[in-house]
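To keep things clear, I will list the structure first and then write my remarks on it.
Values in this text are rule-based calculations from the coordinates and carry no lab data. As the structure is a prediction and not an experimental result, all values here were calculated from the model. Neighbour counts run over all protein chains shown; Cβ positions are idealised from the backbone, glycine included.
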Amino acid sequence: MFKNKKKIIFFDGDGTIWYPQSSKRKKAPHWIYSDKNIGDNYLEHLILTPSALVLLKKLKKLGIILILLSTYPHFPKEADILQKAKIKHFKLEEIFDDFYTSRNKQEGKGEAIVRILRKKHILKSQALMVGDSYRFDYLSAKRVGVDALLIKSEYMKHPPRGKKIQKTISGLKDLVGILSNKNIFIK
Ligand SMILES: [Mg+2]
């Protein structure tokens, strides 16, 4: 299925590890940050996606390095503070090995992934990106030569004309199935 065995997995946040309780994957999750009634209380309206915790724990047991990588429109320092509050809220401190934010542009995650892999001395072919955004997760990783899985959603029904998405999953629970194929991972 992939070019090489995977040693490290990058997970997107919004729409991947958590999403708005009321809209789930029916609507792009970012609406929650600009809703006037919700304001700064968005954490109370976000829930972990089904299978997220089970999946992450299984991967951790397999010795896979787990990275949370989410895009923020804020400056890096502010983005880190906002991300930390979410990690604390969902009690993910012990689950992920590392937490990074990326800049709000299509190349953002690809650039961050390349930088992190270089720092950790891990090959691109040993990395996987999982997210719900075609442009910000899937394409961003693919463009720097990293495998990616796109989570299907109602807001990502149609990829841009002429573009083919080769690898999609309907939710994190599909990754649990992929896990049973131990050949995918490096021990
Ligand atoms: Mg997302």
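Extending 7 Å from the Cα toward the beta-carbon at both His89 and Ile184 defines two label points whose distance is 2.9 nm.
Relative contact order of the range 18-89: what whole-number percent is it, with Cα pairs under 8 angstrom and at least 6 residues apart? Relative contact order of the range 18-89: 26 percent. Annotation: extensible slack from Arg143 through His45 equals 32.0 nm (criterion: 0.36 nm per residue apart, minus Cα-Cα distance). Bridges between two residues of the chain, per DSSP, are antiparallel at a rate of about 10%.
Counted over the chain with a bin width of 10 Å, the fraction of Cα pairs per bin, in whole percents, is 9, 39, 39, 12, 1.
Qualifying trypsin sites (Lys or Arg not before Pro) in the range 16-52, where qualification requires a DSSP coil assignment and no more than 13 other C-beta atoms within 10 Å, comprise Lys26, Lys36. Think of each Lys and Arg Cβ as +1 and each Asp and Glu Cβ as -1; about the Cα centre, that makes the dipole of the range 36-165 roughly 500 debye.
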